[in-house]
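Peer 1: The following block contains the structure, expressed as structure tokens.
The values are calculated or read from the model by the stated rules, or taken from the named source; none is laboratory data. All of these numbers come straight from a predicted model, not from anything done at the bench. Ideal geometry is used to build each Cβ from the backbone, glycine not excepted, and the neighbour counts take in all protein chains shown.
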Amino acid sequence: MDTELFPRARSEIAPGAVHIPDWLDAERQRELLDACRDWARPPAGLRTVRTPGGGTMTARQVCLGWHWYPYAYARTAVDGDGAPVKPLPEWLGRLGREAATAAAYDNDPDYDIALINFYDADARMGMHRDSDEKSDAPVVSLSLGDTCVFRFGNTATRSKPYTDVELRSGDLFVFGGASRLAYHGVPRVYEGTAPPELGLTGRLNITLRVSGF
Ligand SMILES: O=C(O)CCC(=O)C(=O)O
């Protein structure tokens with residue numbers, strides 16, 4: 001429940017990058033959280049992602065449709081238990097299309113990838129581009145649980161200029177068009193800020209993408 005005097009306004013953070021606060025109501029957030037809990041279970045469940053340089057990502061991840069690993073996609077959890085990736089349910093694809101439409105993208109993207117990242121209070125995500133897909137369809141990002149700082153930058157460098165946006169539980173962020181390949185990341189998660197009625201400690205982010213494969 002927001003405590004602002006006025007509802008937070010929808011805003012275009014960069015050309016083609018739209019933040020829509022409170023897009024998911026409490027019931028839809030709970031349904032999505034329940035589904036995330038199922039997807040996080042093995043096989044092909046939540047895992048720690050290892051980067052080629054020997055590091056690990058602090059946000060843990062599970063994928064649907066196609067399995068992302070640094071820096072490609074596969075049909076099995078090649079860097080996990082090797083099991084086939086779980087399918088992306090029809091209802092989630094529909095939700096993605098609804099989200100793209102809400103952000104004024106009207107080409108009805110056929111979402112076939114979901115990356116679900118789980119952040120505990122210490123998790124972060126460095127500035128990166130979502131560039132392993134072969135489609136320029138907009139990326140849909142849904143947030144559940146703790147509030148975070150989402151840093152949305154430019155297409156040329158990992159550094160400034162960028163804009164920091166607070167993403168809260170239920171918020172939608174869509175980036176496509178001129179911003180589809182913009183660098184973005186999560187420098188901070190605010191521990192204990194999830195809506196108590198949701199029943200989640202930490203933060204979940206679901207990004208929906210079109211593979212173009
Ligand atoms: O957690 C977020 O809001 C961003 C996730 C992200 O950047 C990604 O999955 O590529």
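Peer 1: Restricting attention to segment 109-152, which residues are touching a His at 6+ places or on another chain (Cβ under 9 Å), surrounded by 17 or more Cβ atoms within 10 Å (Cβ to Cβ) and assigned to a loop (DSSP other than H, G, I, E, B)?
Peer 2: Matches in segment 109-152: 130 only.
Peer 1: Are there any pairs with C-beta distances below 7 angstrom linking a residue in segment 31-46 that is in contact (Cβ under 8 Å) with a residue 24 or more places away in the chain to a residue that is part of a helix (DSSP H, G or I) and of a type outside the set (S, T, N, Q), with the two at least 6 apart or on different chains, and if so which?
Peer 2: From segment 31-46, the pairs are 33/198; 46/40.
Peer 1: I would also like to ask the following. Mind listing whichever residues of segment 171-206 are near the ligand (Cβ under 10 Å from one of its atoms), outside any strand (DSSP E or B) and not charged (D, E, K, R)?
Peer 2: Once the filter is applied, which keeps residues that are near the ligand (Cβ under 10 Å from one of its atoms), outside any strand (DSSP E or B) and not charged (D, E, K, R), segment 171-206 yields only 183.
Peer 1: Given the conditions (1) in contact with a helix residue (DSSP H, G or I) (Cβ under 8 Å, 6 or more places away or on another chain); (2) within 15 Å of the ligand (Cβ to nearest atom); (3) within 20 Å of residue 23 (Cβ to Cβ), and given that residue 108 satisfies all but one, which numbered condition is not satisfied?
Peer 2: The single condition residue 108 does not satisfy is (2).
Peer 1: Can you name the residue in segment 153-165 that is part of a loop (DSSP other than H, G, I, E, B) and within 14 Å of the ligand (Cβ to nearest atom) and, of all such residues, is nearest to residue 34 (Cα to Cα)?
Peer 2: Step by step, filter segment 153-165, then rank; the result is 153.
Peer 1: Something else: Quick one: which residue in 65, 96 is on the phi > 0 side of the Ramachandran plot, surrounded by 20 or more Cβ atoms within 10 Å (Cβ to Cβ) and within 16 Å of the ligand (Cβ to nearest atom)?
Peer 2: The unique qualifying residue is 65.
Peer 1: Between residues in segment 155-184 that are modelled with pLDDT of 95 or more and residues that are surrounded by fewer than 18 Cβ atoms within 10 Å (Cβ to Cβ) and small (Gly, Ala, Ser), which pairs lie under 7 Å by C-beta distance while being six or more apart or on different chains?
Peer 2: Cβ pairs passing all conditions: 172/102; 181/131.
Peer 1: From 115, 88, grab the single residue that is in contact with a Leu (Cβ under 6 Å, 6 or more places away or on another chain) and either over 23 Å from residue 187 (Cβ atoms) or within 16 Å of the ligand (Cβ to nearest atom) (or both).
Peer 2: 88
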